[in-house]
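What follows is one structure encoded as structure tokens, with my remarks underneath.
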Amino acid sequence: MIQITNLYKTFNRGKANEVNAVNGVDLTIDSGEFVVIVGSNGSGKTTLLNLISGSLTPSSGTISIDDSDVTRLADYQRSKWIARVFQNPLSGTASELSILDNFRLAAIRTRAKGLNIGVTDTFKRDVKEKVSLLGMNLENKLEQPMGTLSGGQRQALTLLMSVIDECKILLLDEPTAALDPKSADIVIKIADKLTTEFKLTTILITHNLKDAYNYGTRLIQMGEGRIIKDIDTKQKKHLKQNDLFEWFG
Ligand SMILES: Nc1ncnc2c1ncn2[C@@H]1O[C@H](COP(=O)(O)OP(=O)(O)O)[C@@H](O)[C@H]1O
Ligand SMILES: [Mg+2]
């Protein structure tokens, strides 16, 4: 569970360009929820995600994860709970390395030091099994360099790599913004599948209203640093796609 109380983030305080990027957010997200956040440019979506991940420290307010107060913890100290995927599919993986080696790197990055992670048969079998979850036929190309894959395939693998460890929370900031529509579609489906498969708590920021309509168990709209709409699963079932478009009209 993520519990956000009275959260504020002000940039450039006291200057002419002062901005209250997050301006009093109270939000409780239960484990297993898939929250989609929409909102116009500059409404504070990325700042909110940065505060949750720990890449930013709030001006005031608190954030707790599973009843631990993480407000003052650095991002690396939160990495046991949190995985994060950014817009650019190229930023998540190393081009020259094979799919398998990228998985090996990902495993090394998050596991305790001194733990030996060689490419054993068990590790390979495990990766193969997980990659096959993507349904992209990549499980037979584990030796292929990442750079030879499409943006969509890379982003899908980045997503998968980010959740294979013990992380519980997946933060996605417009993960499909740099992809063509077809790849974007595949990646969002995979995010949805992984959320269910690994029982993740997922927060997805998107500009794609269709995705916001079709995916997620809860829909939040931000405006000027605040939550201006919060639609739960039950209400979302009755929501029409047109209603969503109207908010932005
Ligand atoms: N590091 C920063 N320094 C100063 N202003 C910032 C910084 N990051 C974001 N902002 C400002 O905070 C507001 C919210 O930005 P952001 O969270 O990126 O919005 P969104 O992701 O919804 O587009 C914007 O006005 C933006 O210009
Ligand atoms: Mg943003």
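For the reader, a short list of remarks on this structure follows.
- The 3J(HN,Hα) values that the Karplus relation (6.51, -1.76, 1.60; θ = phi - 60°) gives for region 129-140 are, in residue order, 4, 5, 5, 5, 4, 5, x, 10, 6, 8, 5, 9 Hz. Gly and Pro appear as x.
- Where the chain is the region considered: accessible area per residue in Å², 1.4 Å probe: 50 Å²
- Each of 120, 179, 53 was scored by the projection of its Cα onto the charge dipole of the chain, and the greatest displacement toward the positive side belongs to 120; charges sit on the C-beta of Lys, Arg, Asp and Glu.
- Rg/Rh ratio calculated on Cα atoms of the chain (Kirkwood radius): 0.98
- Once the Cα atoms are used to define both axes, helix 99-110 deviates from the longest principal axis of the chain by about 50 degrees.
- Ranked by how many other beta carbons lie within 10 Å on average, peptides 50-60, 223-233 from highest: 50-60, 223-233
- Inter-label distance, nm, simple model (7 Å from Cα along the C-beta direction), residue 13/residue 74: 2.2 nm
- Ordered from largest to smallest accessible area (heavy atoms of protein chains, 1.4 Å probe), the residues 213, 76 come out as 76, 213.
- Residue 196/residue 57 FRET efficiency (R0 30 Å; Cβ-Cβ; nearest 0.05): 0.40
- Within straight-line cross-link reach of residue 236, lysines at Cα separation under 16 Å, skipping those fewer than 8 residues along the same chain: 210
- Point-charge dipole on Cβ atoms (K/R +1, D/E -1) for the chain, about Cα centre, debye to 20: 140 debye
- Note: region 141-249, Cα convex hull, 125 Å³ per residue.
- Taking the DSSP beta bridges with both ends in the chain, the antiparallel portion is around 55 percent.
- Percentage relative contact order, region 1-41, counting C-alpha pairs under 8 Å, at least six apart: 43 percent
- Which of 205, 225, 8, positive extreme of dipole for region 2-247 (C-beta unit charges): 8
- Cα→Cβ-extended label distance, 7 Å offset, between residue 150 and residue 242, nm: 3.4 nm
The values are calculated or read from the model by the stated rules, or taken from the named source; none is laboratory data. Computed from a predicted structure; not experimentally measured. Note that we place each Cβ from the backbone using ideal geometry, even for glycine, and neighbour counts take in every protein chain shown. In case anyone asks, the SASA skips ligands and DNA or RNA and just uses the protein heavy atoms, side chains included. Shrake-Rupley method; radii C 1.70, N 1.55, O 1.52, S 1.80 Å.
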